[in-house]
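Here's the structure we're looking at; comments come further down.
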Amino acid sequence: AVKDAIAQYVRKTITEPKGERGRAMAFFAEYFEYQRATTIFKDKPEKSATSPAFAHDPQWLIHDTNLLIHRVLDEDRDVFRALLTTPLSFVNCNLVEDKKTRLKNIQAPGHRSNNKDTRSVEFVYGFDAWPVNQPVELPKDTRIGVLMQPSWLAGWSTNFDNDPVRRGRWVREKLLGGTVPDLPIGVVAAVPEDPHRTFRDRLTVTRDAKCWKCHQRMDELGLPFEEFDHYGR
């Protein structure tokens, strides 16, 4: 009876592509952990001398990444490579299902700014206007794949800064299958505050012998992501 039940379940799994894709989606969401973006508080991005004010809406950033993973799974070609290297992305994308055809069509931006002086979510991706045709190729030589999606970058950062250490640890452990020892007892993991120095410069405290044994496995892998800020911009 157990053997028959297992056989029945396997046959059902094989013949239900929707269920299979759902499990694959759940796996990649758990693997990349980009949904952390909703758990990291960010101040409202204010206008500065180098940038206009723009919206930070982690729910829509996560939604875009979900759509991207769905697309890659549907195409089913070199899935993991595509997830890491695709130059395409959905950007502030709202899909609406056609009741007649049951097909989902892009209708309008998901997030709309109520303030004309505040750019909407597409600005984070590098667009001044919402792209109508999606998925869209991202601005040349700016970002590729899930690890450069704003959702992943915002999720793997702190409230006010990037987090090259945790990003590097993710790459070491999840992407490369390596290990990083836990923080030794008695060691305080803190980067000194100094508004006049970059985070990269302040992170040099980890070069201390008691820290570098572990940080050499993380920091150099996480620092390349400093091209982006903690909003994923």
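The values are calculated or read from the model by the stated rules, or taken from the named source; none is laboratory data. As the structure is a prediction and not an experimental result, all values here were calculated from the model. Here the Cβ is made from the backbone with ideal geometry for all residues, glycine too, and neighbour counts use every protein chain on show. In case anyone asks, the SASA skips ligands and DNA or RNA and just uses the protein heavy atoms, side chains included. Shrake-Rupley method; radii C 1.70, N 1.55, O 1.52, S 1.80 Å.
How about the range 163-183: which of its residues are touching an Asp or Glu at 6+ places or on another chain (Cβ under 8 Å) and open to solvent by 70 Å² or more (accessible area, probe 1.4 Å)?
Residue satisfying the conditions is THR179 alone.
If you go through the range 184-201, how many residues are open to solvent by less than 90 Å² (accessible area, probe 1.4 Å) and farther than 30 Å from VAL121 by Cβ?
The total comes to 9.
List the residue pairs whose Cβ atoms are under 8 Å apart, where the first residue sits in the range 122-147 and is at positive phi, the second is among the aliphatic types (A, V, I, L, M) and open to solvent by less than 20 Å² (accessible area, probe 1.4 Å), and the two are 6 or more positions apart or on different chains.
GLY126/LEU138; GLY145/LEU83
Which of (1) at pLDDT 90 or above; (2) over 20 Å from ILE106 (Cα atoms) is the odd one out, the single condition PRO131 does not satisfy?
(2)
When you look at ASP43, is it over 17 Å from the mean Cα position of the chain (by Cα) and closer than 19 Å to LEU175 by Cβ, yes or no?
Against the criterion (over 17 Å from the mean Cα position of the chain (by Cα) and closer than 19 Å to LEU175 by Cβ), ASP43 does not qualify.
Of all residues in the range 124-148 being in a helix (DSSP H, G or I) and open to solvent by less than 40 Å² (accessible area, probe 1.4 Å), which is nearest to LEU73 (Cα to Cα)?
Only one residue tops the list, namely VAL146.
Could you look through the range 199-233, keep only residues that are of a type in the set (Phe, Trp, Tyr) and assigned to a loop (DSSP other than H, G, I, E, B), and pick out the one that is farthest from PHE160 (Cα to Cα)?
If we take residues in the range 199-233 being of a type in the set (Phe, Trp, Tyr) and assigned to a loop (DSSP other than H, G, I, E, B), then PHE228 is farthest from PHE160 (Cα to Cα).
Just one of VAL180, VAL171 is over 21 Å from SER51 (Cβ atoms) and free of Cβ contacts under 8 Å to residues at least 40 places away in the same chain; which is it?
On the way: VAL171 fails: free of Cβ contacts under 8 Å to residues at least 40 places away in the same chain.
The match here is VAL180.
Of everything in the range 18-58, what is modelled with pLDDT under 80 and exposed (fewer than 12 other Cβ atoms within 10 Å of the Cβ)? Give them in sequence order.
The one that is modelled with pLDDT under 80 and exposed (fewer than 12 other Cβ atoms within 10 Å of the Cβ): LYS18.
Quick one: in the range 51-75, which of the residues that are in a helix (DSSP H, G or I) and polar (S, T, N, Q) is farthest from THR86 (Cα to Cα)?
Step one: of the range 51-75, the residues in a helix (DSSP H, G or I) are 58-75.
Then keep just the ones that are polar (S, T, N, Q); that gives 59, 65-66.
Details: GLN59: 21, THR65: 12, ASN66: 14 Å.
Looking at residues that are in a helix (DSSP H, G or I) and polar (S, T, N, Q), I get GLN59.
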